[in-house]
Amino acid sequence: MPDKLKVGVIGTGIIGKSHMGSKGGLRLNPLTLFTEVAGIQVDQPLDVESYKRRRQSVDRYVEAYDSQQKNFVWAQLGRVPLLDTASIALKVAQITDALYRSAESGKEILMDA
């Protein structure tokens, strides 16, 4: 049987909406990751711009993933593999649907990993 993930919307409040799953979660405002590392619960604020700058300084091909158009061009030049954007879009749609169903029902939704 394939792995299953639990997806759920925890609620809204002053700190923003939280999206939780069986492997971790996100709060959207401020952007914060919730997970468990070596048995310790972690709440880590995320600075996306700082992460992008660090990645660009150590990986010369990271720019190829800034947009679908850049990835397509770089893939045609043979520098990076072409992203399977159709599969990514399908997974995003499935997660979005599960989050809406969770918000409506107030319960976690199981979905394939």
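The values are calculated or read from the model by the stated rules, or taken from the named source; none is laboratory data. Since this is a predicted model, take the numbers as computed values, not measurements. Using ideal geometry, Cβ is built from the backbone for each residue, glycine included, and neighbour counts are taken over all protein chains shown.
Can you tell me which residues in the stretch 99-113 are in contact with an Asp or Glu (Cβ under 9 Å, 6 or more places away or on another chain) and closer than 15 Å to LYS23 by Cβ?
The answer is ILE109, MET111, ASP112, ALA113.
Output the residues belonging to the stretch 30-47 that are within 17 Å of the chain's Cα centre (by Cα), of a type outside the set (D, E, K, R) and either part of a strand (DSSP E or B) or at pLDDT below 85 (or both).
The answer is PRO30, LEU31, THR32, LEU33, PHE34, THR35, VAL42, GLN44, PRO45.
Starting from residues that are hydroxyl-bearing (Ser, Thr, Tyr) and more than 29 Å from MET20 (Cβ to Cβ), keep the ones in the stretch 48-61 and report whichever is modelled with the lowest pLDDT.
The extreme case among them is SER57.
Name every residue in the stretch 71-100 that is among the basic types (Lys, Arg) and in a helix (DSSP H, G or I), in order of residue number.
Across the stretch 71-100, the qualifying residue is only LYS91.
Going by the conditions given, is ALA64 over 29 Å from LYS17 (Cα atoms), outside any loop (DSSP other than H, G, I, E, B) and either in contact with a Ser or Thr (Cβ under 9 Å, 6 or more places away or on another chain) or among the aliphatic types (A, V, I, L, M) (or both)?
So ALA64 passes the test.
Among the residues of the stretch 1-20, which ones are outside any loop (DSSP other than H, G, I, E, B) and either farther than 17 Å from THR96 by Cβ or at pLDDT 75 or above (or both)?
Passing the criteria: LYS4, GLY11.
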